[in-house]
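S.K.: First, the structure itself, so that you have it in front of you.
The values are calculated or read from the model by the stated rules, or taken from the named source; none is laboratory data. Just so it is clear, the structure is predicted and the values come from calculations on it, not from any experiment. Every residue, glycine among them, receives a Cβ derived from its backbone with ideal geometry; neighbour counts consider all protein chains shown. For accessibility, only protein heavy atoms count, side chains too; no ligands or nucleic acids. Shrake-Rupley method; radii C 1.70, N 1.55, O 1.52, S 1.80 Å.
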Amino acid sequence: MSVNWESLLLAAASFVILYFLLNKYAFGPLFGIMETRAKMVQDQISTAEKNRAESEKLLAEQKEAIQQAKKEAYDIIEQARISSTKEADNLIAKAKEDSERLKQDALKDIEAEKNKAIVALRSQVSALSVLIASKIVEKQVDEKSQQDLINHYLKEVGGNKV
């Protein structure tokens, strides 16, 4: 088998020319596009990772804010419960004080009315005693008449309600 050197040389020269032409007009732009595409994909991956990290950070902040809000709500509820308990205790204590004061006022009023009634009764009894004594002195009565007279005056005193 014989090698045709002219054809081989012509094929090699054609190959080299084709390689330079393809490298300049096809491979160069193609590799440039592929490199641009690879860089764009890498940038998107980097951006996605940054966004994911930021999302995780925001999620953690939101969870912390929710926990803080729950704690504040619990504190507010607890404070309201304590305040209402204190207010109820104050109202009960005030009601007890008022009832005790009213009771003391009523006892004082009763005592004053009792003293007035005693004074009025004493004055009536003394007036009646004087009246009975004057009636007895005016007429001399026997024991039965005297008993009737006392009963009559007692009925009269019983009829005058004080």
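S.K.: Please go through segment 1-24 and give me each residue that is surrounded by 10 or more Cβ atoms within 10 Å (Cβ to Cβ) and at pLDDT below 85, ordered by number.
M.R.: Across segment 1-24, the qualifying residues are Asn23, Lys24.
Residues checked against (1) open to solvent by less than 90 Å² (accessible area, probe 1.4 Å); (2) at pLDDT 70 or above; (3) part of a helix (DSSP H, G or I):
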position	(1), (2), (3)
Lys96	no, yes, yes
Ala117	yes, yes, yes
Leu121	yes, yes, yes
Ser134	yes, yes, yes
Gln140	no, no, no
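Conditions tested, residue by residue: (1) in contact (Cβ under 8 Å) with a residue 40 or more places away in the chain; (2) among the small types (Gly, Ala, Ser); (3) touching a helix residue (DSSP H, G or I) at 6+ places or on another chain (Cβ under 7 Å).
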position: Gly32; (1), (2), (3): no, yes, no
position: Gln44; (1), (2), (3): no, no, no
position: Gln68; (1), (2), (3): no, no, no
position: Tyr74; (1), (2), (3): no, no, no
position: Gln79; (1), (2), (3): no, no, no
position: Ala88; (1), (2), (3): no, yes, no
position: Ala95; (1), (2), (3): no, yes, no
position: Ala120; (1), (2), (3): yes, yes, no
